[in-house]
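Rule-based calculations on the coordinates, nothing more; no lab input. Only a predicted model underlies this, so the values are computations on that prediction, with no experimental measurement involved. Every residue, glycine among them, receives a Cβ derived from its backbone with ideal geometry; neighbour counts consider all protein chains shown.
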Amino acid sequence: MEQEVDLDRVVRQRIRGLRLARGWSLDTLAARCHISPSNLSRIETGHRRIALDQLVPIARALDTTLDALVESADDADVVIRPEPSHAPGMTTWLLSRERSLHGVTVAKLRITPDRPTGAERLKVHPGREWFTVLSGTARLQLGERTILVRAGDAAEFSTMTPHIIDAHEGPVEILSIFDHDGERVHLHAVDDGNRAPAGD
């Protein structure tokens, strides 16, 4: 019962916090979710129980999801301790938990110039990809183009174009964000029957 009360309080705090972050008054949010300002005020302050049929329009008005509003507030294990995963010429550290951040995966990659080469490594999959260079220089092959991305710069591109990221004149470290398709193609490639990170 105490856990239910705690979650109820967290949901109320999230509603109020998201409303204030947008600079909205009670009247503004109430108009957007078709709930009277007095009822919304009582929901935020805990003087009225929150009903599911109220949470759905509130979540929609706040441009969030019902899952995000009611997910557990248990953050006891906040720190992620990534373990390196090695493949020829590349080491990968997963920096997000499975299925976190709305289905995207965050990874740090260290790529060295001795990574195997060859046109067959170019990948194509649905979606978009983003990375930023932490140190060194990345060589992004994007279709027929070769683009050098230096430390402090970032790149974003359609993954429907054949692509690969390599090191240019020395090791490069990048921080990359993959959607589900990118994670499956680049971080879980099958190599000689063993699952090993393939990277971009």
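Some observations on this one:
- Residue 157-residue 20 FRET efficiency (beta carbon distance; Förster radius 45 Å; 0.05 resolution): 0.80
- Taking amide H as placed 1.01 Å from N in the peptide plane, residue 137 has its amide H under 5 Å from the amide H of 168, each at least 5 places away in sequence or on another chain.
- Between residue 86 and residue 56, the distance separating the two model label sites (each 7 Å from Cα on the Cα→Cβ line) works out to 5.3 nm.
- Distant-in-sequence amide H partners of residue 22 (H built 1.01 Å from N, under 5 Å): none
- Ranked by the mean number of other Cβ atoms within 10 Å of their residues, highest first, the peptides 46-58, 127-139 fall in the order 127-139, 46-58.
- For q = 0.12, 0.25, 0.27, 0.29 Å⁻¹, Debye-computed log10 I/I(0) when each Cα of segment 1-59 counts as one equal scatterer: -0.25, -1.06, -1.22, -1.38
- A simple spin-label model places pseudo-atoms 7 Å from Cα toward Cβ; at residue 9 and residue 66 they are separated by 2.6 nm.
- Here the Karplus curve 6.51 cos²θ - 1.76 cosθ + 1.60, taken at θ = phi - 60°, turns the phi angles of segment 6-15 into couplings of 4, 5, 4, 5, 5, 4, 4, 5, 5, 4 Hz, with x standing for Gly and Pro.
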